[in-house]
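Worksheet for the structure shown next.
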Amino acid sequence: MFFKKILFLQIAIVYLLGSSIEPIPQTVEYNYEKALLGKKLFFDPILSKDNSISCATCHDLKNGGDDGLKFSVGIDGQIGDINAPTVLNSFFNFRQFWDGRAHNLEEQALGPIENPVEMGHDFAILVKKLKVTTYNKDFKKIYIDGITKENLADAIAEFEKTLITPNSAFDRFLKGDETAITSFEKEGYELFRSKGCISCHNGVNIGGNLYSKFGMIVDIDSKHLGKYNITKNEWDKYYFKVPSLRNISLTAPYFHDGRYDTLKEAVKTMSLVQLGRPITEKEIEKIVAFLKTLNGELIIIK
């Protein structure tokens, strides 16, 4: 009941104050040389222990920035246990990973490389491995100390900064183009606001800027404990970083455990278990139509 009262207060405040969604900027500041190096690393399977997978394996930039799988496949065919989030627009997230254990893109870049179920490498070995390749010269051109664990993360993070998707139809609408989205999609946006979705999904990334309990109103089965993994605080059980809704129609399956394949299922569940609000099939269709207007344009640096 306590969480329900707080949530409804959030909804009322957000609705009264109006939209709190902001368009993605056309560009962000980044170091071009570092980003180019990071791009090379991002697509190179040399970062994995057996040279079988790269960052791009689980983050397909041409298909929403994730891999479209419930759980990703790592080295030796190992299957992970949590859905890979999109890397697109991750620069705007206040934390990285579902449980928020990484404070920034640099910390995030380090995680998969040494995770035994993902890329399974050891940085001490990886650095030595890279130093006998053309990467040695590449790094020395940019970093005084050449190839280090920290510089690897820095370069990859610099490339990931560039992976933003401005110019979605909804962004154009926010900037004043009333014809950018249809009346049906506008009705979906109004429902998104009035139902309370916007209380968690707001800001530039339409999410990614706070934690929320999965199953705020109605308990929902989750094997993952979320933020509790980091804090060991009982109050943090089932709290996850709210995901961005940018390009959401391209990133199925949905939720941290990939439990749903369609946006319709995801919207229905969120309305009932997060907001405690009844929702009709027609309302779901309108909200889904609105969500599809959030697909932006990705330009990969060259």
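The values are calculated or read from the model by the stated rules, or taken from the named source; none is laboratory data. Please read these numbers as outputs of a predicted model, since none were measured by experiment. Note: ideal-geometry Cβ built from the backbone for every residue, glycine included; neighbour counts use all protein chains shown. SASA here: full protein model, heavy atoms, side chains in, ligands and nucleic acids out. Shrake-Rupley method; radii C 1.70, N 1.55, O 1.52, S 1.80 Å.
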Is there a quick way to get the dipole size of the chain? I mean about its Cα centre, with the Cβ of Lys and Arg at +1 and of Asp and Glu at -1; what is the value in debye to the nearest 20?
280 debye
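Give the ranking of Val132, Val267 by solvent-accessible surface, highest area first, calculated with a 1.4 Å probe. Please list the in-between numbers first.
Working: Val132 125, Val267 15 Å².
Solvent-accessible surface, decreasing: Val132, Val267.
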Separation of the stretch 230-292 and the stretch 20-56 by C-alpha centroid, Å?
27 Å
For the chain, modelled as a Gaussian network with Cα springs under 10 Å, which listed residue fluctuates most, Gly111, Gly77, Gly276?
Gly77
What order do Lys161, Lys62 take when sorted by accessible area (1.4 Å probe), most exposed first?
Lys62, Lys161
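Going through the DSSP H helices of the chain, which span 20 Å or more along their own axis at the Cα atoms while scoring at least 0.5 as a mean Kyte-Doolittle hydropathy? List each step's numbers first, then the result.
Details: long enough: 2-17 (23 Å, 1.91).
Flagged H segments are 2-17.
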Is the shape of the stretch 15-155 rounded, prolate or oblate, going by the alpha carbon gyration tensor and its root eigenvalues a ≥ b ≥ c, with a/c under 1.5 for rounded and a/b larger than b/c for prolate?
oblate
From phi via Karplus (6.51, -1.76, 1.60), per-residue ³J(HN,Hα) for the stretch 76-82 in Hz, x at Gly/Pro
6, x, 6, 9, x, 10, 8
In Å², nearest 10: area of Leu291 left accessible to a 1.4 Å probe:
10 Å²
Ranking Glu158, Glu283 from most to least accessible area with a 1.4 Å probe gives Glu283, Glu158
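Name the GluC sites (Glu not before Pro) in the stretch 16-125 that are in a loop by DSSP and that have at most 13 other C-beta atoms within 10 Å, would you? Walk me through the numbers before you get to the answer.
Numbers: sites: Glu29, Glu33, Glu106, Glu107, Glu114, Glu118; in loops: Glu29, Glu118.
Qualifying residues, ordered by number: Glu29.
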At 1.4 Å probe size, with no ligands or nucleic acids counted, give the accessible surface of Lys34 in Å², nearest ten.
50 Å²
How much accessible surface area, in Å² rounded to 10, belongs to the heavy atoms of Ile300 with a 1.4 Å probe?
50 Å²
The chain, relative contact order in percent, only Cα pairs under 8 angstrom and at least six apart counted
25 percent
Among the trypsin sites (Lys or Arg not before Pro) within the stretch 163-201, which fall in a DSSP loop and have no more than 15 other Cβ atoms within 10 Å of their own Cβ?
Lys175
